[in-house]
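The numbers here are math on the coordinates, done by the rules we state, and not lab data. Keep in mind that this is a model prediction, so the values were computed, not measured. When we count neighbours, we look across all protein chains shown, and the Cβ atoms used for this are built from the backbone with ideal geometry, even at glycine.
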Amino acid sequence: MPQKKTSFKLRPLDIALTVGLLLVIGAIIWGGLNPNTVTNPNVAGVPEADNGTPVTTGPATTGNPAPDFTLPATDNTPHTLSAQKGKVVLVEFMAPWCPHCQDDAPEFNKLHDAYKDKGVQIYAVSATTFGKDYRPPDVKPPITMQDMIWFRDTFNVQYPMLFDPDLKASNAFNIEYYPTVFIVDKAGNIFGKYLAEQEKPLTAENLGAELDKALQQ
C-alpha cells in the first residue's frame, strides 16, 4: 500500500546546502546584471562619480569629429582641442592615483620628445573625481589641481596635463578605463582609440606607429 507522506523537516545540513546554493545563484545573477563589476587585469580603474556610479555617457567614434574641450593645464594656461587643428593630437585620459598611468608616463614623455617637432600635440586629461591618495573603498579624496601638479612633478611629465574635475571631456569621449588614449587627426576627427592591452601595451613604439599613420593622412 502507498505510504502516507510525512511532514517535511529540514536538517541542519540541508539548510546549509540550500543557503549555499542560493548564494551561488545570487552571485551568478548579480554578475550577469552587473558586467562592469568584473575586474580587468589590464586596466587600473573606471571613472566614477562621487556616489561610486561609473560615469560613461556620450559616444566618440573613429572617423567622427572629436568632442571639443577647453581645460586648464597645471600652469593654468587653457588648452582647447579644436584649436589644434592642423596637428595630430594624442589625448591620454588618466587618473593621478592610477598605477598604470604612473608607469606609462615615461612612454608618453618619449612620444613628446620624438614628435613635438613633427606636428603632434600630446595632452593628459584627468578623468577621475578622486585625488592621488584614492584608496577604495574608504579613502576617497576629491581631485584637485594639486594632484595633477604632483603627478607632473613626480613623474617629470613634459607635456600639458589638463584638469577636468567635472569629467566633461571624459564623459564626451565615453571613457571607461584608465588609461585610455585617443589620437585625433589633423582635421579634428578621431583617428583611433587605444587601451592598455597585454598583446599591445601603450608603449612609445606602438603609439608612435599610430601617430606616423595619422601624420601621413
Spelling out what I want: for every residue of the stretch 94-104, take phi, set θ = phi - 60°, compute 6.51 cos²θ - 1.76 cosθ + 1.60 (Karplus), and round to whole Hz; glycine and proline get x. 9, 9, x, 8, 6, x, 5, 5, 5, 5, 7
Could you run the Karplus curve 6.51 cos²θ - 1.76 cosθ + 1.60 with θ = phi - 60° over the stretch 65-79 and give me ³J(HN,Hα) per residue in whole Hz, x for Gly and Pro? x, 6, x, 7, 8, 10, 9, x, 8, 5, 9, 6, 6, x, 10
Contact order relative to length for the stretch 70-215, counting C-alpha pairs under 8 Å separated by 6 or more residues, stands in percent at 32 percent
Counting Lys and Arg as +1 and Asp and Glu as -1, each charge on the Cβ, what is the dipole of the stretch 70-215 about the Cα centre in debye, to the nearest 20? 420 debye
Report the one residue of THR144, LEU90, THR180 whose Cα lies farthest in the direction of the positive end of the charge dipole of the stretch 70-215 (charges on C-beta: Lys and Arg +1, Asp and Glu -1; origin at the Cα centre). LEU90
How would the stretch 152-217 be classified by its alpha-carbon gyration tensor: rounded, prolate or oblate, with rounded meaning a/c under 1.5 and the a/b versus b/c comparison settling the rest? rounded
Could the peptides 93-106, 193-206 be put in order, highest first, of the mean number of other beta-carbon atoms found within 10 Å of their residues? 93-106, 193-206
Non-local amide H neighbours of ASN189 (under 5 Å, H modeled in plane, Pro and chain starts lacking H): which ones? ALA66
Relative packing of peptides 136-145, 69-78, 119-128 - highest average C-beta neighbours within 10 Å first: 119-128, 69-78, 136-145
